[in-house]
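First up is the structure itself, then whatever we jot down about it.
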Amino acid sequence: MVDPRRKQISLESLESRRLLSVVNVTAYTTPGAADSTPGITQAIRSSKPGDTIYFASGTYNLGSTVIFEGDRTYEGAAGATLMTANGSNLKTAETDTGNSNNITSMA
């Protein structure tokens with residue numbers, strides 16, 4: 001016999017959700033390093049679509065090509081600079097899909 005004081009509980013399934021994260025480049029390289037390319041590349045590879053790649057203040061020297069994957073936000077703190085091998089300051093980058101991608105808040 002079923003106890004009438006007990007209520008039946010039903011559970012509904014929820015939609016699948018993904019939490020977006022911030023990947024801090026300094027976990028992979030140090031500002032001022034002779035070549036920050038490998039660390040920046042690793043930070044980007046560890047991210048997922050929708051994530052933010054964050055550059056702390058400082059100069060990140062790019063000794064070779066970095067592929068900025070699309071569907072991510074690239075953001076820098078005040079004073080963060082991406083410096084290419086020829087000495088120019090990088091403020092926009094082409095993504096892996098060929099679209100231009102702004103790098104916000106970079107010096």
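Of the residues making up segment 33-77, those that are of a type in the set (Lys, Arg) and either buried (at least 19 other Cβ atoms within 10 Å of the Cβ) or assigned to a loop (DSSP other than H, G, I, E, B) (or both) number 2. Scanning segment 72-107 for residues that are touching a Ser or Thr at 6+ places or on another chain (Cβ under 8 Å) and at pLDDT below 60 turns up Thr92, Ala93, Glu94, Ser100, Asn101, Asn102, Thr104, Ala107.
The values are calculated or read from the model by the stated rules, or taken from the named source; none is laboratory data. Here the structure is a predicted model, which is why all the values come from computation and not from measurement. As a convention, Cβ positions derive from the backbone with ideal geometry for all residues, glycine included, and neighbour counts pool all protein chains shown.
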